[in-house]
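For reference, the structure discussed in these notes is given below.
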Amino acid sequence: MQETTDDNFVDNTDPPTFPSTMQEEEEKKVDEADKTPDVEKAVVTPYDAIQASDNNYDAEPRKKSCWSDERGNLKVVNLVVRNPCKIFWLIIALVVALTFVLNIAVFRTAENGNPFTLPGNEFDLMDVRSIQYDSMRLASDKVRGDRVDMGMEGKTTLKQSELEAVQYWVFEASTPSGLFGDEESIEGMKDAYDIFLNDPGYEDYCLYNYPRNLSLVTENTTVECTSPLTPLLMYYASYWDPEAVAEVIEELKDPAKIEALNKVGVCANPQVFCPPEIVETFTPEEVFFAFSFGLKVQNITSTWDMKGDLIDNITQATEL
């Protein structure tokens, strides 16, 4: 500001500025616009980040395994997502198939078709009755299986009509007279057999002696146990004919008759084939003697049943 004395007044200073209200509003708008985030960048930036992440992911893939793929997704899940209908029907088919397999493997092979024990059949496994029942059931299943393997399923088998095994008894004499030289030795061997023959339950496991014509066997037919094959049969025969035995012994002392028996005996069994060239060598006398001698021996041995007492003439039986 300069003072003069002149009436004219000159002011060389800048005039004060006072911004208008409109200008201030415009400047505020510009400032707000600068502070406002770019919408395009706000939207595009995340996508670019994802794209860059995918590029980095593809550049360094994860290792595959038996359970997951290179993206880390479970292969089972991928399969279900890609084929939902196929997986659904596959599960239904598996359920139906397992139902049939369970029916065949469990219910049909179980006793009475029920693989579960009924409440009324519960028992103590260690009880003697339980052990006996299980033993009987296992034996029944074993016999049934053996019959199926032998092709005998559905066929009738008579009770105790088949020989299961052969038991050999060996006796050794402790006296100079031998096994059949005195009554004491013979009775000692008989006592050994009586342990089984006199057993009350012997008839439950012995071999039954059924008649040859099985059509004659009925429910009321009485069948006895087969006598053991032992020389004691003749020592305890139910009937002993000393005269018939003496006659057979005398014939066996003749060498000519022994030769005839050995010659014809080859064809004595009608069930055994006899070559014609051998039959042509037989004379009628040899055939008649062999036939008559066989009848005599059959009559004597028919009473060898071990049901009688010890015969009086044990020397004659031993000689025979």
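Computed from the coordinates by the stated procedures, all read-outs in this text should not be read as laboratory data. Just so we're clear, the structure is a prediction, and the values are computed from it rather than from any experiment. Please note: Cβ atoms are built from the backbone with ideal geometry, for glycine as well, and neighbour counts cover all protein chains shown.
Laid out as a table, the results:
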{"quantity": "Trypsin sites (Lys or Arg not before Pro) within the stretch 125-155: DSSP coil, no more than 14 neighbouring Cβ in 10 Å", "calculated": "Lys155"}
{"quantity": "Rounded if a/c under 1.5, otherwise prolate or oblate - the stretch 229-272, Cα gyration tensor axes", "calculated": "oblate"}
{"quantity": "Residue pairs, from the table Lys190/Lys257; Lys155/Lys263; Lys159/Lys307; Lys159/Lys190, whose Cα atoms sit over 30 Å apart", "calculated": "Lys190/Lys257; Lys155/Lys263"}
{"quantity": "Residues of the stretch 251-268 with amide N under 20 Å of the 7 Å Cα→Cβ point at Ala244", "calculated": "251-253"}
{"quantity": "Overall form of the stretch 198-320 per C-alpha gyration tensor (a/c, 1.5; a/b vs b/c)", "calculated": "oblate"}
{"quantity": "Stretch gain in nm, segment Lys296-Arg212, where the contour uses 0.36 nm per residue and the Cα spacing is subtracted", "calculated": "28.1 nm"}
{"quantity": "Loop-resident sites, the stretch 225-281, for chymotrypsin sites (Phe, Trp or Tyr not before Pro), counting at most 13 other Cβ within 10 Å (DSSP)", "calculated": "Tyr239, Phe273"}
{"quantity": "Around Asp194: net Lys/Arg minus Asp/Glu count, Cβ-Cβ under 14 Å", "calculated": "-2"}
{"quantity": "Neighbour net charge for Ser174 - beta-carbon separation under 13 angstrom, K R +1, D E -1", "calculated": "-3"}
{"quantity": "Computed label-point distance, nm, for sites Ser174 and Phe196 using a 7 Å Cα→Cβ extension", "calculated": "2.2 nm"}
{"quantity": "Radius 10 Å from Cβ of Lys257, net charge of other residues (Lys, Arg +1; Asp, Glu -1)", "calculated": "-4"}
